[in-house]
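A.B. asks: One structure is given below, represented as structure tokens, and several questions about it will come after.
Just so it is clear, none of the values below were taken in a lab; they were calculated from the coordinates. Treat the numbers as computed from the prediction; the structure is a model and nothing was measured.
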Amino acid sequence: MERLLIPAKIDYLDEVTGFVERYLDESGCPEKTKLQIRLAMEEVFVNIVSYAYAPEDGEAEVRFETLNEPFSIRIQFMDSGKQFDPLAKEDSDTSEEAILSRPGGMGILLVKSVMDDVQYSYSGGKNILTLYKKL
């Protein structure tokens, strides 16, 4: 398992995505799948930056692991910010009317739609959001 511990600041977004993309490139991950993973990672990290510690600063830990059966990846985002389960909310209304009248709130739905599985837990004072994707 590979680990990256960084400040939860938007300036570190490229470092987070680059950290995982390096391993995806080594594994021969298809470009479409890499794009899906990048979108999900960006959404999760931006949410940590925007909400976990606000208005204070904090850190985020990203863990990456390749799994063999089936060949897939697991990415975990961990923070010690406010406890929040993004999966507890009902999925957003995706009708055109709802989207036009209320922008935002679609991020976790996007993450769930491009990843094969998304799980949340709270342990040891940390929010842990785990993303799975078959390669």
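A.B. asks: Hey, what does the equivalent ellipsoid look like for region 2-134, semi-axes from the Cα gyration tensor as sqrt of 5 times each eigenvalue, largest first, whole Å?
C.D. replies: On the way: eigenvalues 102, 78, 40 Å².
Square roots of five times the eigenvalues give 23, 20, 14 Å.
A.B. asks: Work out from phi, with θ = phi - 60° and the Karplus expression 6.51 cos²θ - 1.76 cosθ + 1.60, the ³J(HN,Hα) of each residue of region 52-61, listed in order in whole Hz, and give x for Gly and Pro.
C.D. replies: So the Karplus estimates, Gly and Pro as x, are 4, 10, 3, x, 7, 9, x, 10, 10, 10 Hz.
A.B. asks: At 222 nm, what value in deg cm²/dmol follows for the chain if DSSP H runs of at least 4 each add -39500 (n - 2.57) and the sum is divided by all its residues, to the nearest 500?
C.D. replies: Taken over the chain, the calculation gives -10000 deg cm²/dmol.
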